């Protein structure tokens, strides 16, 4: 068996990511563990978005809302645990379960309405619902409203791990990211995945051969929403802070850019895209203060002329099962 | 051959678009094991009719009966499950999928639900075996693993038919299956369709008169959404109204 | 709740609705005719406000400032169309979203460089900075009345333009059937540029008129852009009539809702719960309305023909 450039790259990237905490502590630059943990968490959200955007053709412009849902569940539970001494709300398992339930319900509600529409309508409505959740968060004055909410402690999973430890948080994020990659990989090649991809390519034909595509799209939307919710849960723990800004609509835009930059509808594209995007975001401001002046048009050019994203640099675009 | 049982029936079907009547009190019957051809000049409302039969277009009035039940309000995918399959006038396949994936997806639509998230669909014998059989049948065996957009126009048309067949239909609605084909490809298609005549009913909308007269048991002539004549190919050939309204156009 | 206050809120709602309509009218045509998702429409609104600020500052006159800013925004719109958006018409919606998102980043940064990051105030001239007694005992700001008047005039102008002129005929035809307009032998490129420029000028006008009421600041276009999307989606893409109706509905619901919802909640919930829930709920109102409309009519109130 020979390894393609893509496989080698993926293995190197995954290995490299696994080695970040020891290297960072060796060179005494804890900052890198923080930066790369953030990268891992955002890549979970990107993998989730890619599932419906890349494979399902659903341009969801409100996906950051699910980051917010997960983040606020963590924030609110920890807030009550800390302020009111509600012991059970400090339990990580409970928090995670609540994250999953809450993001699934929100995704079910938003998806059920948005998926009745197509094209431009879908884009605008997901954007509007994302914004709605943003304003809900702004209106939650007991949880800080506009200013957000600080987490005084992180989620603990008794008997398993405690996210208060920075390295533990890193590896939990790493493991979750791998799990999401695995889930995506199985999903897109399963019967369900074939229906999802078929509906992206040709919805009319799907109906003609006997598929009601709506329920499949909806389930995909919910799966993606839950994955993103989990990313939000981790993000809140990582930054010790939640605020409406994490679900601002520009964050949804960032997620779409990440997916397109990495390579839409490819398995590893979202991971590549996240790494590239966050590195750029980290480096560019140190070169010029007005980096967005160049970043905006650059984005347009990438979108218009480098369509396959980073993934396509690693050889011809493969079938997604490779 | 039994000819007594109606499989598909439209009862006084009506459809208007603005001031234009696309389907005008149309009552039509397709019998079991019959090849029923619909011909008519451009703008006669043939595609609108197909749309109403498959469920993509909701009629303004009238009913569609299929296999003894009223399907007028049923959505497209439900009709497919009752055994109604169609091919599209403009090739409408999954261009990024291979031939096998195209056809096995059609098989999958009728092989239980697809909320299966883990097993690789492309390794399921239950989907692949029937798909391969259909692919052989329409003569695409050599192209099994090629991506659909690399097929020639004629091959894509064959794939259209294969996808319809893979849903195991009792009635095939073919919307101009020979559209854009050369004589050789058309002959090939007539051969494929003749081979299907014994197992299912076909409603054929087609401009290619050679193909229509070669395949059809019965022909209905549609003009401005209304049926002006219906009968065997011989009856239609000698029908004056038809000669005036339709065949007249075709002659120099 | 007092009835006079409610009346005032209704006027405020109409005024917000008309501003939304100015944005929505251009945007819905751009969607309908060119099938282009333009997120940067809010940037034109913002640029209109900044132009008005600068021109008013230089000429020392609010009115002249606005009169100069209007053609400036129109020109900017045309430049944006010719330089950037023209290449996007044949692209899919995702590409359009990303590219126009890039434009937003660009314009926001540009504004930060030219005008600085701090918010600016555009002062009103004295003759507008008064109030009129619209009903005995109810003073209402003259400027807001002027905004309502301008909004209604523009709506009338648009109605006449679309219903009575040749360009309007092409616009209507284009919104319901794009291929047909091309088949008529019309210079499609020119039509697109005109429509886009018109849309930009309307967005800019909305920005200028909002400027004295709000703060002129970076990002001001984005919040209202999303409300505009809600308007367009409810009204039906490509429909000016739908945009007008939906804009007024959204303006009224948002403004009036915000002022009466707390009172309503107070009647139903304990004081503490009501004051907690009110701000969150009232900002949800317009989106809930959108969800309701779409659940019943997925293509909006006035779907374009053939869709």
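If you go through region C:275-303 and keep only what is assigned to a helix (DSSP H, G or I) and facing chain A (nearest Cβ under 7 Å), you end up with C:276, C:279, C:280, C:283, C:284, C:287, C:290, C:291, C:294, C:295.
Might you let me know whether region B:185-194 holds any residue that is modelled with pLDDT of 85 or more and touching a strand residue (DSSP E or B) at 6+ places or on another chain (Cβ under 8 Å)? Scanning region B:185-194, I find at least one residue that is modelled with pLDDT of 85 or more and touching a strand residue (DSSP E or B) at 6+ places or on another chain (Cβ under 8 Å), so the answer is yes. Among the residues of region C:229-267, those that are within 14 Å of chain A (Cβ to nearest Cβ) and more than 15 Å from residue A:120 (Cβ to Cβ) comprise C:246, C:250, C:253, C:254, C:257, C:258, C:261, C:262, C:265.
Counting only residues that are under 20 Å from the mean Cα position of the chain (by Cα) and under 18 Å from residue A:97 (Cβ atoms), how many does region A:156-174 have? Number satisfying all stated conditions: 2. Just for region A:141-152: of the residues that are part of a loop (DSSP other than H, G, I, E, B) and in contact with a helix residue (DSSP H, G or I) (Cβ under 6 Å, 6 or more places away or on another chain), which one is nearest to residue A:62 (Cα to Cα)? Checked region A:141-152; the qualifying residue nearest to residue A:62 (Cα to Cα) is A:151. Scanning region B:112-168 for residues that are modelled with pLDDT of 90 or more, surrounded by fewer than 21 Cβ atoms within 10 Å (Cβ to Cβ) and under 18 Å from residue B:83 (Cα atoms) gives B:130, B:168.
Filtered by the rule that a residue be outside any helix (DSSP H, G or I), more than 18 Å from the chain's Cα centre (by Cα) and within 14 Å of chain A (Cβ to nearest Cβ), region C:35-84 gives C:35, C:84. For region A:116-128, residues that are surrounded by fewer than 24 Cβ atoms within 10 Å (Cβ to Cβ) and within 21 Å of the chain's Cα centre (by Cα) total 1. Only helices (runs of 4 or more DSSP H) whose full extent lies in region A:239-309 are considered here, and the ones with at least 1 residues that are out of contact with any helix residue (DSSP H, G or I) (no Cβ under 9 Å at 6 or more places or on another chain) are A:269-287, A:291-305. Of everything in region C:92-115 that is surrounded by fewer than 16 Cβ atoms within 10 Å (Cβ to Cβ) and modelled with pLDDT of 90 or more, the residue that is farthest from the other protein chains (Cβ to nearest Cβ) is C:114.
Every condition in (1) over 26 Å from residue A:46 (Cβ atoms); (2) surrounded by fewer than 21 Cβ atoms within 10 Å (Cβ to Cβ); (3) touching a residue at least 12 places away in the same chain (Cβ under 8 Å) holds for residue A:157 except the one numbered (1).
The residue that is farthest from the other protein chains (Cβ to nearest Cβ), counting only those in region B:71-117 that are more than 19 Å from the chain's Cα centre (by Cα) and farther than 30 Å from residue B:152 by Cβ, is B:73. With respect to the stated conditions, residue A:61 is crowded, with 24+ Cβ neighbours inside 10 Å, in contact (Cβ under 8 Å) with a residue 24 or more places away in the chain, closer than 22 Å to residue A:244 by Cβ and within 14 Å of chain C (Cβ to nearest Cβ). For region A:201-213, a residue qualifies if it is in a helix (DSSP H, G or I) and facing chain B (nearest Cβ under 9 Å), and the qualifying residues are A:201, A:204, A:205, A:206, A:207, A:208, A:213.
Suppose the filter is farther than 21 Å from residue A:246 by Cα, crowded, with 17+ Cβ neighbours inside 10 Å and within 14 Å of chain C (Cβ to nearest Cβ); does residue A:113 pass it? Against the criterion (farther than 21 Å from residue A:246 by Cα, crowded, with 17+ Cβ neighbours inside 10 Å and within 14 Å of chain C (Cβ to nearest Cβ)), residue A:113 qualifies. Six or more apart or on different chains, Cβ atoms under 8 Å: show the pairs whose first residue is in region A:97-116 and more than 17 Å from residue C:292 (Cα to Cα) and whose second is surrounded by fewer than 16 Cβ atoms within 10 Å (Cβ to Cβ). If the second residue must be surrounded by fewer than 16 Cβ atoms within 10 Å (Cβ to Cβ), no pairs are left.
Residue-by-condition table, conditions (1) at pLDDT 95 or above; (2) under 15 Å from residue A:67 (Cα atoms); (3) in contact with a helix residue (DSSP H, G or I) (Cβ under 7 Å, 6 or more places away or on another chain):
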site	(1), (2), (3)
A:161	no, no, yes
A:165	no, no, no
A:171	yes, no, no
A:175	yes, no, no
A:178	yes, no, no
A:227	yes, yes, yes
A:230	yes, yes, yes
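If the condition is being outside any helix (DSSP H, G or I), under 30 Å from residue B:68 (Cβ atoms) and within 12 Å of chain A (Cβ to nearest Cβ), then region B:147-171 contributes B:166, B:167, B:168, B:169. Checked across region A:160-171, the condition of being in contact (Cβ under 8 Å) with a residue 12 or more places away in the chain, assigned to a helix (DSSP H, G or I) and buried (at least 21 other Cβ atoms within 10 Å of the Cβ) holds for at least one residue. Of all the listed residues (A:127, A:67, A:105, A:133), the sole one being at pLDDT 95 or above, closer than 21 Å to residue A:247 by Cβ and in contact with a helix residue (DSSP H, G or I) (Cβ under 8 Å, 6 or more places away or on another chain) is A:67. The set of residues from region C:133-144 being without any contact (Cβ under 8 Å) to a residue 60 or more places away in the chain and either farther than 30 Å from residue C:3 by Cβ or surrounded by 13 or more Cβ atoms within 10 Å (Cβ to Cβ) (or both) comprises C:141, C:142.
Residues are listed down the side, and each one gets a yes or a no for (1) in a helix (DSSP H, G or I); (2) farther than 17 Å from residue A:235 by Cβ; (3) away from chain C (no Cβ under 14 Å); (4) touching a residue at least 12 places away in the same chain (Cβ under 8 Å):
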residue: A:120; (1), (2), (3), (4): yes, yes, no, no
residue: A:133; (1), (2), (3), (4): yes, no, no, yes
residue: A:137; (1), (2), (3), (4): yes, no, no, yes
residue: A:175; (1), (2), (3), (4): yes, no, yes, no
residue: A:192; (1), (2), (3), (4): yes, yes, yes, yes
residue: A:215; (1), (2), (3), (4): yes, yes, yes, no
residue: A:222; (1), (2), (3), (4): yes, yes, yes, yes
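Is it true that residue A:318 is modelled with pLDDT under 90, more than 12 Å from chain C (Cβ to nearest Cβ), under 30 Å from residue B:120 (Cα atoms) and touching a helix residue (DSSP H, G or I) at 6+ places or on another chain (Cβ under 8 Å)? Against the criterion (modelled with pLDDT under 90, more than 12 Å from chain C (Cβ to nearest Cβ), under 30 Å from residue B:120 (Cα atoms) and touching a helix residue (DSSP H, G or I) at 6+ places or on another chain (Cβ under 8 Å)), residue A:318 qualifies. If you go through region A:248-300 and keep only what is surrounded by fewer than 16 Cβ atoms within 10 Å (Cβ to Cβ), within 14 Å of chain C (Cβ to nearest Cβ) and closer than 26 Å to residue A:316 by Cβ, you end up with just A:280.
The values are calculated or read from the model by the stated rules, or taken from the named source; none is laboratory data. This structure is a prediction, so every number in the text was calculated from the model and none was measured. Heads up, the Cβs are rebuilt from the backbone with ideal geometry, glycines too, and the neighbour counts pull from every protein chain shown.
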